[in-house]
Amino acid sequence: MQIDFHYYATYCAAVIAGYSCRDSEKIAWCAQFVDRCTKTFLDRIGGPVSAATTQLQLEMMEADTSLLGLQEITRIWASFHFLPGDLYAQGPGKCSRRFLHKYRLICNTDSELLVDTVELARAKGPEAAGIAMHVLADTWAHRYFAGTPSLVINNTGYYFYEIMREGDREVEKAVKFNHNPVTKDRPDRAVYTNTMYQGTERSMMNLGHGRAGHLPDYSYARYRYMPSWGGYMEIMKDNPLDYMHAFCQMIYALKSLRDPDGRFETGHYDREAIRPWEETIRQIFEVRRLLDSEDWKKLGVEISGRALEDFDEEKYEKEYVEADQDSRDDTVLGRFIMAALAQKSMVTSRIFSSGSLLAGYPADYRFNGLKDIRDFFKNLIDKGSKK
Amino acid sequence: MVDNTREQIRYRKSCSTLVRVGYGTIMIGWWRAARYIGLILLKKSLVLQQIRGNDVLSYPGISDTRIILILLALVTALMSFVALMHLFIGLSAIREGMGKKTIGLYIPLTLLMIIISFARALNKLSVFLSSLDLNDDVLLNLNVDIINNSLVTPTFASVIIELTFMIMLTEQFFAAVRIRWYRRQMKKNQTESQSG
């Protein structure tokens, strides 16, 4: 998903869920910041680089695709953007163990990991809630793709058709992909940019939904295609419906986080709460536009009575940089970093427990005498034990 | 809106096969053309030796360069035709696989190419095997001087390529037939459901 949903829509959802405007802004900021918190940024502010929740395009180009490099990439993308749907899924018929482990990383909605993600944010403040909402939203947009570079999982081909509305009838158009990252997507002509085909299994071009371009992130898109892992099975993706589910589930999740005795459960979507604005929200999702920030902004004003300021990546940077080492974790960025580390550790641990080394060794394994993320120990375990 | 019945999955698999093999057919066409043109350009001395040694083909009044140029022109023309035929068959297969309208002529042409390819593969294999002096030296040192010094003796690689091409064309043929059958069945089912 893009800034329009992660920032503006999350703000609306938080306000509807009963959070104050101030907290809702923080939740929304943190939800969007998951797409900005790179190693480069953390290095610049003197934060722990292992808390990175995304990678810049340049970082990905330079990324090492050796075993350790791939584990690093998978840890980031699977933890925050492509939360695995079922780590114990049966493979599609006979398959190798290597394929099965990648197959199990395929992102899907309403998973056990999603419950763990939301529960991990309980009683941790708006920063952790923001990260959880980003992960939740992305499970709907990025379904059927995996957060690890894999040709056999993430590849798509010429069989890609967009379902468009022309007047009062639906027509199907074959999607044309081009590889020039500078050209803009043309939704009117079903022409989109995607990553180039690379025959190597572990190429960065085969990470996530790169081969499908930005289509999963456009709320208006309805399309059918054949994923590589599907054995010639066809998948229909209805983004307006999925995004509506994501929005309603976010409201339910945020409400449950506000309730001290609450417990997040999958399969619940708070449709009642959006009833006064349902038609407006539906129209925002349906309009064929690459970014819906303005519409969400207007809706935010309508719901909360005040306008959400434009996203500023450096909003809390000064607070973090100027704080002394012991009080950094009590700043907004500090709490975000701690929550990000906890989320990464939790997902890595679950992936490892399922028998897969695709995300490497988790923090818990330290107690069995193996090396782990040093920053994680320093920031989470040692400081936690001091407290 | 999605149809994931067994028939539909098989149909899509056949379409995908046809597209992939179609690209392969085009590439084999270009390879063949490049191979024969390259053979003349890189083995000029051997070519001239063969021509000069032949009573019918050798013309004492014509220079070596002219002979090579004439031969190159003839081979280029012939290979262009071969490559174009491969292109036609390949493109038709790709179009058929992608669900676009195409002329069905490529199917019998594919069958013809299978027969030619089979004959070529058999011929190449037998000539290759008979040209090998299977003594210990060859087996231990992979001595292929005999093959390199001959124009007509095929290399092991070209035998493999010919066999591969034959298998590809067979796949293409059966995939094309299957796709047309499925489409006929789907149309029939559609008509029956509309009238019913």
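The values are calculated or read from the model by the stated rules, or taken from the named source; none is laboratory data. Small disclaimer: the values here were computed from a predicted structure and weren't measured. Neighbour counts run over all protein chains shown; Cβ positions are idealised from the backbone, glycine included.
Quick one: which residue in A:I131, A:I153, A:I163 is under 15 Å from the mean Cα position of the chain (by Cα) and either buried (at least 16 other Cβ atoms within 10 Å of the Cβ) or closer than 18 Å to A:A359 by Cα (or both)?
On the way: A:I153 fails: under 15 Å from the mean Cα position of the chain (by Cα); A:I163 fails: under 15 Å from the mean Cα position of the chain (by Cα).
Matching residue, one of A:I131, A:I153, A:I163: A:I131.
Reported count of residues in segment A:31-73, each being of a type in the set (G, A, S), assigned to a helix (DSSP H, G or I) and modelled with pLDDT under 95, is 3.
Scanning segment B:1-42 for residues that are at the interface with chain A (Cβ under 8 Å from one of its Cβ atoms) and among the aliphatic types (A, V, I, L, M) gives B:M1, B:V2, B:I9, B:V19. Screening the candidates A:A17, A:A31 for the property of being hydrophobic (A, V, I, L, M, F, W, C), closer than 23 Å to A:A141 by Cβ and more than 13 Å from the chain's Cα centre (by Cα) yields one hit, A:A17.
Against the condition part of a loop (DSSP other than H, G, I, E, B) and of a type in the set (G, A, S), how does A:G93 come out, does it pass? Taking the combined requirement at face value, the residue satisfies it.
Being modelled with pLDDT under 90 and closer than 28 Å to A:V175 by Cβ narrows it down to one of B:G90, B:G99, so name that one.
Only one candidate passes the filter, namely B:G99.
For A:R335, the requirement of being touching a residue at least 60 places away in the same chain (Cβ under 8 Å), part of a loop (DSSP other than H, G, I, E, B) and either surrounded by fewer than 20 Cβ atoms within 10 Å (Cβ to Cβ) or under 24 Å from the mean Cα position of the chain (by Cα) (or both) is not met.
Annotation note: Cβ proximity below 9 Å between a residue of segment A:69-88 that is more than 19 Å from A:G355 (Cα to Cα) and a residue that is assigned to a strand (DSSP E or B) (sequence gap 6+ or interchain) occurs for A:H81/A:C107.
You will find that of A:V175, A:V191, A:V182, the residue that is of a type in the set (A, V, I, L, M, F, W, C) and within 14 Å of another protein chain (Cβ to nearest Cβ) is A:V175 and no other. Of the residues B:V75, B:V2, which is without any contact (Cβ under 8 Å) to a residue 40 or more places away in the chain, among the aliphatic types (A, V, I, L, M) and closer than 30 Å to A:D238 by Cα? Step by step, each of B:V75, B:V2 is checked, and only B:V2 is without any contact (Cβ under 8 Å) to a residue 40 or more places away in the chain, among the aliphatic types (A, V, I, L, M) and closer than 30 Å to A:D238 by Cα. In segment A:215-233 there is at least one residue that is at pLDDT 90 or above, among the small types (G, A, S), under 22 Å from A:Q283 (Cβ atoms) and touching a strand residue (DSSP E or B) at 6+ places or on another chain (Cβ under 8 Å). Whenever a residue of segment A:267-295 is under 25 Å from A:K184 (Cα atoms), its partners that are among the acidic types (D, E) and loosely packed, with under 15 Cβ neighbours inside 10 Å, lying with C-beta atoms within less than 9 angstrom and at least six residues away or across chains, give the pairs A:R288/A:D188; A:S293/A:D310.
What do you reckon, is A:R169 surrounded by fewer than 24 Cβ atoms within 10 Å (Cβ to Cβ), charged (D, E, K, R), closer than 22 Å to A:R350 by Cα and free of Cβ contacts under 8 Å to residues at least 24 places away in the same chain?
Considered against the rule, which asks whether it is surrounded by fewer than 24 Cβ atoms within 10 Å (Cβ to Cβ), charged (D, E, K, R), closer than 22 Å to A:R350 by Cα and free of Cβ contacts under 8 Å to residues at least 24 places away in the same chain, A:R169 comes out as no.
You will find that of A:R289, A:R350, A:R328, the residue that is modelled with pLDDT under 95, surrounded by 15 or more Cβ atoms within 10 Å (Cβ to Cβ) and under 18 Å from the mean Cα position of the chain (by Cα) is A:R350 and no other.
Scanning segment A:218-233 for residues that are at the interface with chain B (Cβ under 10 Å from one of its Cβ atoms), in contact (Cβ under 8 Å) with a residue 12 or more places away in the chain and over 22 Å from A:K184 (Cβ atoms) returns A:R224, A:M226, A:G230, A:G231.
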